[in-house]
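Scroll down for the structure; my scribbles are underneath it.
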């Protein structure tokens, strides 16, 4: 089966470079969604509006299934704030110094987030070609689990992602980038 992972389109928070996890923002435009995306038989999304709207734009004729476990990380006290907002916050500096491994104050731990996304991904698999229209962090968590390497190696721009083949829950071939030129 073909697996397609696509990061949602651009939101106001993305444009302003804020940590947007649990904040339920609308898309501000679809300019980054103009690429050719692989065809699929099913679409699985995070329940947040930005993912649903992106899926409806890219795959207007495919039914959407929602998976709560594929939501973006809960950034806790850092939610909806930018680097500029947080640069003098000692908790933020500690988090940066940990390479993002410390838990977000009043939010989710990095490990809990990655495990939740991994579980949501594997629970959503069938033998049908599936597009997952989700969040950047969720994509990074899934890709790291499947392909190894550093979590941050798999960062993607809005509207971009990866495509690969799986059979019986196992990777068949290496991944290819999609959606961005």
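A short reminder: the numbers here are calculations on the coordinates, not readings from a lab. For clarity, every value in this text was computed on a predicted model and none was experimentally measured. All Cβ positions, even for glycine, are placed from backbone atoms using ideal geometry, and neighbour counts span all protein chains on display.
Points to keep in mind about this one:
- Computed extension length for residue 155-residue 39: 39.5 nm, one decimal, from 0.36 nm per residue of separation with the Cα-Cα distance subtracted.
- For region 61-89 versus region 107-133, the spacing of their alpha-carbon centroids is 15 Å.
- For the pair residue 115 and residue 170 in one chain, pulling the backbone fully straight at 0.36 nm per residue adds 18.0 nm over the alpha carbon distance.
- Extension gain, residue 147 to residue 28, is 39.6 nm, computed as 0.36 nm per intervening residue step minus the present C-alpha separation.
- For region 5-35 and region 146-173, distance of Cα centres in Å: 20 Å
- Shape category assigned to region 19-61 from the gyration tensor of Cα positions, a/c cut at 1.5: oblate
- This ranking places 15, 96 by how few other beta-carbon atoms lie within 10 Å of each, fewest first, which gives 15, 96.
- Fraction of beta bridges assigned by DSSP in region 34-181 that are antiparallel (%, nearest 5): 40 percent
- Distance between the 7 Å Cα→Cβ label points at residue 93 and residue 80: 2.7 nm.
- Orientation-averaged projected area, Cα convex hull of the chain (nm²): 9.6 nm²
- The chain: angle of helix 110-124 to the longest principal axis, Cα-based, in degrees nearest 10: 20 degrees
- For region 2-178, relative contact order (Cα pairs under 8 Å, six or more residues apart, normalised by length) works out to 31 percent.
- Helix 136-147 and the longest principal axis of the C-alpha atoms of the chain enclose an angle of approximately 60°.
- Angle between the chain longest axis and helix 49-58 axis [Cα atoms, degrees, rounded to 10]: 30 degrees
- In this simple spin-label approximation, residue 127 and residue 68 carry label points 7 Å from Cα along the Cα→Cβ vector, and these lie 3.0 nm apart.
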